[in-house]
Amino acid sequence: LLAELNHVGTMSTAMKKLGHYFTPFQTYLVEAAEDERGRFDMRRALLILEHEARFRSELASCMAMFFFQFEVLCQNRLDYDRGLNHMANDVIYDPIWSAWILGVRHRIGLIDLADLVYVHSEYYMQLRQRNGELSAVPDPILFGEKEGKIALANRRKEPLYLFAALQRQLGYPEVPQPPPRDSVAEQLPKMIRTMERLEIRIKLLEDEQREKGIDLKQFYGKQNEG
């Protein structure tokens, strides 16, 4: 990591070479934070990585990790196509989950996430069994009964409402938010610079009111003595 920072100036290039240590999704977050064109900063990325690593060490389930990682994409407006592709390659997901996530990658934006969760839940299967429509149950069933009920209640809403309901009712992990910056500490240097510029302008106005006018020699650069 230190060698890449010294020679290239980025960490994501080193993380790609350390696939046995960093997951593809973790590498993608750092890569997105290093993108000068994006608004996702490194401070937020490292905070998310810290919480995700702790969550992963607690043997997180595939369901919980999926909701956590997907909320990261939503809250920070990251690229869904690339983000879901990196999620599918995460070792925490088995082949069934990986294949489903790749399918979500092609359907997101056309079908709401709540609908995708609902139709692949045990609750959806139970409703179809009651109506004698077991053949209509999609494969695979990845989410539990409670997740299915919450998804049904949050259809046609913003995905963040779905995540908030899962966190509130089932205890799913929240995506961390960096502490707010001290606005006073940031505004004070700006106010000092503004006051300095005002003092210079007032001095120029005072010089202009005098008979001699503004002394332009003070703006001349030093001339080399020949």
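The values are calculated or read from the model by the stated rules, or taken from the named source; none is laboratory data. Here the structure is a predicted model, which means the values were calculated and not measured. Cβ coordinates were reconstructed from backbone atoms using ideal geometry, including for glycine residues, and neighbour counts include every protein chain displayed. Calculation scope for accessible area: heavy atoms of the full protein, side chains included, ligands and nucleic acids excluded. Shrake-Rupley method; radii C 1.70, N 1.55, O 1.52, S 1.80 Å.
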Picked from region 139-156 (must be of a type in the set (Asp, Glu) and either out of contact with any helix residue (DSSP H, G or I) (no Cβ under 6 Å at 6 or more places or on another chain) or open to solvent by less than 60 Å² (accessible area, probe 1.4 Å) (or both)), the residue modelled with the lowest pLDDT is Asp139
Of the listed residues (Ala99, Ala136), the one being at pLDDT below 90 and open to solvent by 40 Å² or more (accessible area, probe 1.4 Å) is Ala136
Asp90 fails exactly one of the following numbered conditions: (1) closer than 23 Å to Tyr161 by Cβ; (2) in contact (Cβ under 8 Å) with a residue 60 or more places away in the chain. What is the number of that condition? (1)
Residues being closer than 23 Å to Val104 by Cβ, among the hydrophobic types (A, V, I, L, M, F, W, C), modelled with pLDDT of 90 or more and within 13 Å of the chain's Cα centre (by Cα): count how many of those fall in region 31-66. 4
Say whether the condition of being of a type in the set (Lys, Arg), crowded, with 17+ Cβ neighbours inside 10 Å and either in contact with a Cys (Cβ under 7 Å, 6 or more places away or on another chain) or in a helix (DSSP H, G or I) (or both) is met by at least one residue in region 10-22. no
From the list Tyr80, Tyr28, Tyr118, which residue is open to solvent by 50 Å² or more (accessible area, probe 1.4 Å) and at pLDDT 90 or above? Tyr80
Can you tell me which of Glu206, Glu211, Glu186, Glu199 is charged (D, E, K, R) and either at pLDDT 90 or above or outside any helix (DSSP H, G or I) (or both)? Glu211
